[in-house]
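Engineer: I have a structure here, written as structure tokens, and I will follow up with some questions on it.
The values are calculated or read from the model by the stated rules, or taken from the named source; none is laboratory data. Worth saying up front: this structure is predicted, and the values here are computed from it rather than measured. All Cβ positions, glycine included, derive from the backbone under ideal geometry; neighbour counts span all protein chains shown. Surface areas here come from the heavy atoms of the whole protein model, side chains and all, with no ligands, DNA or RNA. Shrake-Rupley method; radii C 1.70, N 1.55, O 1.52, S 1.80 Å.
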Amino acid sequence: MISVRNLKVRYGDLQVVEDLSLDLFEGEILSLVGPSGCGKTTIVKAILGLIPYEGNVLISTSSVGYCPQKDVLFDWMTVYENAALPLILRGKKATENVKELIERFGLSGFEDKRPYQLSGGMRQRLSVLRAVLSGKDLLVLDEPFSSVDAYTRKKLQIWLSEEIHRMKSSAILITHDVEEAVFLSDRILVLSPRPTKVLREILVPFPKPRTLEVLSDPLFSELEKKILEILMNQL
Ligand SMILES: Nc1ncnc2c1ncn2[C@@H]1O[C@H](COP(=O)(O)OP(=O)(O)OP(=O)(O)O)[C@@H](O)[C@H]1O
Ligand SMILES: [Mg+2]
């Protein structure tokens, strides 16, 4: 789905990505974890062609949904208009598809509200919904659940795991939360501080979609601990 070879990104004198290679395989959920400021957002922006970079990036689909780190919902538009924006921008009439997704994403009854009238979790679901309407073969989610409490976050993770599974999407997920990475991913790349490189690749073999059951599997906490150790050794 994605092949990145020898990626280098700099902002002026600041070398953020030095020589990074990664692959994303069909149907896979790949997480990037690493210290704040190491370059996770920069890597996905380069992969999506939103900033200049050196190296080779190949993406085998044009059906891409991007959920940026900072949500970009527009307060002057309704929930429905925010959701349908990718279709409106492409000159398509918003169709039944939007209504169906609004229902599936638990936003029914709020179509005519504005984003500021939603809870944090609803805003985040709306942002993912909009990404899905841009394209669902490849989802790129940059800390999609950063601003909600632990309980809501877990509910959203279970929901996301089911949705990605149902849509047969491939996904790159950026997260600070090591438990979230283990919970959602097939594979995790642990990144170093800037200039960032891949320190370790961790495989997470649990079946998908994931449920709360995996939390009690001894391998779950083993993987979590291993990743935390790698990250802490970098400090
Ligand atoms: N547009 C920009 N211009 C200049 N420097 C930038 C720009 N965007 C990011 N940076 C710098 O590049 C580095 C990597 O930023 P990036 O946002 O990719 O990190 P990150 O790993 O996503 O961090 P976080 O986990 O906090 O979101 C940081 O030092 C940041 O200050
Ligand atoms: Mg970031």
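Engineer: Could you please give the count of residues in region 63-80 that are in a loop (DSSP other than H, G, I, E, B) and aliphatic (A, V, I, L, M)?
Structural biologist: Filtering region 63-80 down to residues in a loop (DSSP other than H, G, I, E, B) leaves 63, 68-78.
Imposing the further condition that a residue be aliphatic (A, V, I, L, M) reduces the set to 72-73, 77.
Within region 63-80, residues that are in a loop (DSSP other than H, G, I, E, B) and aliphatic (A, V, I, L, M) number 3.
Engineer: Quick one: in region 194-212, which of the residues that are out of contact with any strand residue (DSSP E or B) (no Cβ under 7 Å at 6 or more places or on another chain) and free of Cβ contacts under 8 Å to residues at least 40 places away in the same chain is farthest from ligand 1 (Cβ to nearest atom)?
Structural biologist: Of all residues in region 194-212, those out of contact with any strand residue (DSSP E or B) (no Cβ under 7 Å at 6 or more places or on another chain) come to 205-212.
Restricting the remaining residues to those that are free of Cβ contacts under 8 Å to residues at least 40 places away in the same chain gives 205-207.
Numbers: Pro205: 27, Phe206: 25, Pro207: 29 Å.
My answer is Pro207.
Engineer: Exactly one of these conditions fails for Val33: (1) within 13 Å of the chain's Cα centre (by Cα); (2) open to solvent by 30 Å² or more (accessible area, probe 1.4 Å). Give me its number.
Structural biologist: (2)
Engineer: Right, something else. What number of residues in region 179-201 are buried (at least 19 other Cβ atoms within 10 Å of the Cβ), more than 18 Å from Asp23 (Cα to Cα) and within 16 Å of ligand 2 (Cβ to nearest atom)?
Structural biologist: Of the residues in that region, 1 qualify.
Engineer: I've got another one for you. Does Lys168 meet the test of being out of contact with any helix residue (DSSP H, G or I) (no Cβ under 9 Å at 6 or more places or on another chain), open to solvent by 40 Å² or more (accessible area, probe 1.4 Å), closer than 25 Å to Leu48 by Cα and more than 16 Å from ligand 2 (Cβ to nearest atom)?
Structural biologist: Considered against the rule, which asks whether it is out of contact with any helix residue (DSSP H, G or I) (no Cβ under 9 Å at 6 or more places or on another chain), open to solvent by 40 Å² or more (accessible area, probe 1.4 Å), closer than 25 Å to Leu48 by Cα and more than 16 Å from ligand 2 (Cβ to nearest atom), Lys168 comes out as yes.
Engineer: May I pose another question? Might you check whether a residue that is of a type outside the set (D, E, K, R) and assigned to a loop (DSSP other than H, G, I, E, B) occurs anywhere in region 212-232?
Structural biologist: Filtering region 212-232 for residues of a type outside the set (D, E, K, R) gives 212, 214-216, 218-221, 223, 227-228, 230-232.
Restricting the remaining residues to those that are assigned to a loop (DSSP other than H, G, I, E, B) gives none.
No - not one qualifying residue is present in region 212-232.
Engineer: What residue, of Val16, Val57, Val9, is modelled with pLDDT of 95 or more, within 16 Å of ligand 2 (Cβ to nearest atom) and out of contact with any Lys or Arg (no Cβ under 7 Å at 6 or more places or on another chain)?
Structural biologist: Details: Val16 fails: out of contact with any Lys or Arg (no Cβ under 7 Å at 6 or more places or on another chain); Val57 fails: within 16 Å of ligand 2 (Cβ to nearest atom).
None of the others qualify; the one that does is Val9.
Engineer: Looking for something within 13 Å of the chain's Cα centre (by Cα) and at positive phi - is there at least one such residue anywhere in region 161-181?
Structural biologist: no
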